[in-house]
Amino acid sequence: QLTGTLLPPLVRFGMSAPSNLTIYRSGAFGDDYLGNVFISHFNTRSVTRSRLNRLGATYSADSESFLVSTNPDFHPCDVIEDADGSLLVIDTGGWFAGRGCPTSKISRPQLHGAIYRIRRSGGPVVQDPRGLKINWKDASIELLASLINDDRPTVRDRAVEQLAAQGEKAVDALA
């Protein structure tokens, strides 16, 4: 069950063309963004933000527009959370002339896409967001286990991968 609106005339006819999504994992936008789902909608030239709510054994979502463009050549095909907590919105531009795509009738090859970075104004600056200053090669199992609780999602992911590679040797540190 989705609530909220996205450029209603297109949604009413089922043409929002959601193209990708990401679940927000860092705190750079503030705590009420944690776990939110950002969805890129190719045809409606928008990115929405959905807050998930438990509803029995499933979820409902409160959705709202997060980014909307009136430019007919803006077609977001992906939204990705970068290591510093900013969102990257990938725009294919106006070159696409897809069959059956109601908003892409005219191909304009000179209108290339772009990648837009969205940051919170005055938001925190994340130091070493990818953990490049960590000596991963020589990191102890105990250090890797402690990094599972790191504030940086990319560092957490890398620690999990390295611990998984350790196999049974990592069990005691994780326990």
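Model label sites at Tyr59 and Leu88, defined 7 Å from Cα along the beta-carbon direction, differ in position by 2.3 nm. Spin-label point model (7 Å from Cα, Cβ direction): what's the Ile115 to Ser146 distance in nm? Placing both labels 7 Å beyond Cα along the Cβ direction yields 3.3 nm.
Quick note: the coordinates plus some simple rules give every number you see, no bench work behind them. Since this is a predicted model, take the numbers as computed values, not measurements. Every residue, glycine among them, receives a Cβ derived from its backbone with ideal geometry; neighbour counts consider all protein chains shown.
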